Amino acid sequence: PAHLRAMLRVARRPLLPMAMRRWEPPRRFASSQRPSWVPHGQETDFPLANLPFGVFSCSRGGPRCASAIGDHAIDLAALANAGLLSGLPFDARAVFQRPTLNAFMALPRPAWRAARTRLTELFAADGDRSLEKDAALQKAVLRPMSEITMHLPASVGDYTDFYSSREHATNVGIMFRGQDNALQPNWLHLPVGYHGRASSVVVSGTPIVRPRGQLQADDEDPSKGSVYGPSRLLDMELEIGMFVGGQPPPLGKPISMAEAEEYIFGLVLMNDWSARDIQKWEYVPLGPFGAKNFGTTISPWVVTLDALEPFRCQTSAGALQDPEPLEYLRDPAYGSYDINLEVDLLTPEGSSTTITKSNFRHMYWNVKQQLVHHSVTGCNMKAGDLLGSGTISGESTGSYGSMLELTWRGKHEIPLTDGSARKFLKDHDSLNIRGWCAASGQQRIGFGDCSGKILPAGAYDEIATGTSTVAPRLAFRDFELHSYWRSSCSWRVRIALAYHGIDFVTKPVHLLKDGGEQFQGFKSEVNSMAQVPALGFVDADGLRHTITQSMAILEFLDGVMGLTSPALIPRAECPASALRRARALEIAELIGSGIQPLQNLSVMQAIRSASDPECGQDVDGRAFAASRIRRGLDAVERLAAASAGRYAVGDDVTVADLCVVPQLYSARRFGVDLSAYPTLLRIEKACEALPCFQQAHPDAQPDAEL
């Protein structure tokens, strides 16, 4: 095809000596002009020319690999299972059904290109029409982004952060060392970097808790020691992250500049959150530590270098570097990518302000040079490793990539559109980084969002991790939960058990197999109503007990834990807490009594025909249930919009959230359009970031059928 021939022409251009080489604009790929049969607007981040890679989940299955086009995720596992990716030079079924991109990243670059080429043919208006003509398969493959959850694209093995924007390094140097000594002597000779913390790299939308640590007691006199407390100077860092791919050389063998691009899988947006006051006290002599290890946010979609090829550009340093780097760092095609970058700050009151506009061309050391220098000592790189560009600052005040620079170390304020101002981030502020490439005659290439919200210091102190055994301090032991993986009521109880940190054994009850296992021994031995969940346990005297009905179980668990953890059903200790308790129960009972029973399997099977008030016609049990779900969610949306903070009732998790999240999952299964419930979707996203909700998700259960 023409676009592959163009790629080969670019790859085969002779490399001239550095002194003879001038930067020149890239040749455009023919594929970047091809329209798709999937409708989308001109301003979409994900046209046919992009086809990034990521990982998503939805109500029909757990995390798996995807691409994106317009407002839809492309389920690559579904495409592979349908046989439409059978011609690729790897086992697409095995690779794309995995919950991370690591296996795909570890393939050689020709495999990545082959996958994008095949996707281009499947989704191009003038390409292979196998999918376009199959409406049923389209429904399985194209998932509306409003109905999916994005995950980290890869299991990050190692994370390294660089310091490669000359403008940023100069600004920081002037602040701390003065104009004459802004850059350290080594800065123009090598890409400065340090090793970060891979475990705290999180996907866009994950909340960031304000860090606590040691702060210099007296800003002017370090001899007075330190105090412990929350960071008061919480900052962002506008960056681009690079994922390593392929099979890089083994330990002891560096990556050469000529082969560097073969080991760059793609780029993501990145916010390397920073606590400037913690950093000030700790960074001498080894650099930042706790000030940078509490959270790094990345966007979920990885954009390939092939998609960015039409947007190669000069760096702000010009066509060549001065002084000339050592030979191993000389890039014959020295340049960067013309990626527009903007950062929006959203206040708790809802006011949004774009606080900076920068561009990825403001990089003195580019991504290839960073990768090559990282490996020059023989350091072995691995697929899934993440390298941060360092803060990307432009030449003018409005293009600086950190609040440290925008306020010039807190001397100035950043004005916001609502009349307020910021020097550094406040609790409940949200930041969102946006990035895109645009040029005349080219489809826009975007990255999606890279967002995070600041929670107060200690926000998670009282939330159990669910990883430690607390049974010895309880009056009961040997907890067993009889449940079905997709049961809403069972899900509520699983969340509560994880929330309180109570270990339990799952006893699966399949509600569909062989006419329903609930009607067999379970009915006679556990619950005569033949309903899940049922929680069994043993008391101090060795007697076994069973409690049924999810609300009764939640009340029991709150009581068992006493004051050792916050109650999911709020305690009425004063007028304000009594009102909060009532609001939480109001939402919970509306779902538990007004919606859930009507979507129950036995109810739907019993209702052969019912009058639907929405359309005035007789419908079957499933359609009737969907109509009642919509009616109930309308009421829940109004209640939540009136009382919600971060969660359904204020800023703490309650029983209301334990009911809302499973109900939204069920609503999707019934084909209910959830776009009319923005408050509930926001609450769902906040809950999904919590470990107790993640552990309780249906897809994570031992009896899950994915």
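Some notes on this structure:
- Cα-Cα over 24 Å, subset of LYS357/LYS453; LYS139/LYS513; LYS513/LYS685; LYS139/LYS382: LYS139/LYS513; LYS513/LYS685; LYS139/LYS382
- Every Cα-Cα pair of segment 56-203 was included, and the share exceeding 25 Å stands at 47 percent.
- Cα convex hull, segment 291-351: 211 Å³ per residue, rounded to a whole number.
- Under 15 Å from the Cα of LYS368 - aspartates and glutamates, other chains or at least 8 residues apart: ASP161, GLU259, GLU261, GLU262, ASP306, GLU309, GLU327, ASP331, ASP385
- Charge dipole magnitude, Cβ of K and R +1, D and E -1 - the chain, Cα centre, debye nearest 20: 1300 debye
- All Cα-Cα separations within segment 59-114 were binned at 10 Å from zero, giving a P(r) of 24, 57, 19, 1, each value a whole percent of the pairs.
- In segment 63-146, trypsin sites (Lys or Arg not before Pro) in a DSSP loop with at most 15 other beta-carbon atoms within 10 Å: ARG129, LYS133
- Working from label points 7 Å from Cα in the Cα-to-Cβ sense, the TYR228 to ASP91 distance is 5.1 nm.
- Extension gain for the segment VAL560 to TYR194, taken as residue separation times 0.36 nm less the Cα-Cα distance, is 127.1 nm to one decimal.
- Distance from segment 73-141 to segment 145-213 (C-alpha centre basis), Å: 33 Å
- Trypsin sites (Lys or Arg not before Pro) lying in DSSP loop within segment 389-463, provided at most 11 other Cβ fall within 10 Å: LYS411
- Over all projection directions, the Cα-based convex hull of the chain averages an area of 35.5 nm².
- Helical mean residue ellipticity (222 nm; -39500 (n - 2.57) per DSSP H run of 4+; nearest 500) of the chain: -8000 deg cm²/dmol
- R0 of 45 Å, Cβ-Cβ distance SER352-LYS253: FRET efficiency to nearest 0.05: 0.40
- Over segment 276-353, relative contact order from alpha-carbon pairs under 8 Å, at least 6 apart, %: 21 percent
- FRET efficiency estimate (nearest 0.05) - Cβ-Cβ, TRP408 to ALA676, R0 45 angstrom: 0.50
- Partner lysines whose Cα lies under 18 Å from the Cα of LYS280, excluding those fewer than 8 positions away in the same chain, are identified as LYS224, LYS292, LYS411, LYS423.
- Exposed loop sites are taken as GluC sites (Glu not before Pro) in a DSSP loop (any state but H, G, I, E or B) with at most 16 other beta carbon atoms within 10 Å; the longest stretch of the chain without one runs 44-219.
- Spatially, segment 237-292 and segment 491-518 are offset by 42 Å when compared through their Cα centroids.
- Taking all protein chains into account, the per residue accessible area for the chain stands at 42 Å² (1.4 Å probe).
- Contour excess over end-to-end distance, with Cα ends at SER146 and LYS685 and 0.36 nm allotted per residue: 192.9 nm
- When all protein chains stay in place and ligands, DNA and RNA are ignored, the 1.4 Å accessible-area order of ASP180, ASP306, largest first, is ASP180, ASP306.
- Dipole of the chain, positive direction: furthest Cα of GLY378, SER440, ALA198, with charges on the beta-carbon: SER440
- Distance between segment 524-550 and segment 624-679 - C-alpha centres, whole angstrom: 29 Å
- Taking label points 7 Å from Cα along the Cα-to-Cβ direction, ASP703 and ARG212 give a separation of 4.1 nm.
The values are calculated or read from the model by the stated rules, or taken from the named source; none is laboratory data. Quantities reported herein were computed from a predicted structural model and do not represent experimental measurements. For neighbour counting, all protein chains shown are included, and Cβ atoms are generated from backbone atoms with ideal geometry for every residue, glycine included. What goes into the accessible areas is simple: the full protein's heavy atoms, side chains included, and nothing from ligands, DNA or RNA. Shrake-Rupley method; radii C 1.70, N 1.55, O 1.52, S 1.80 Å.
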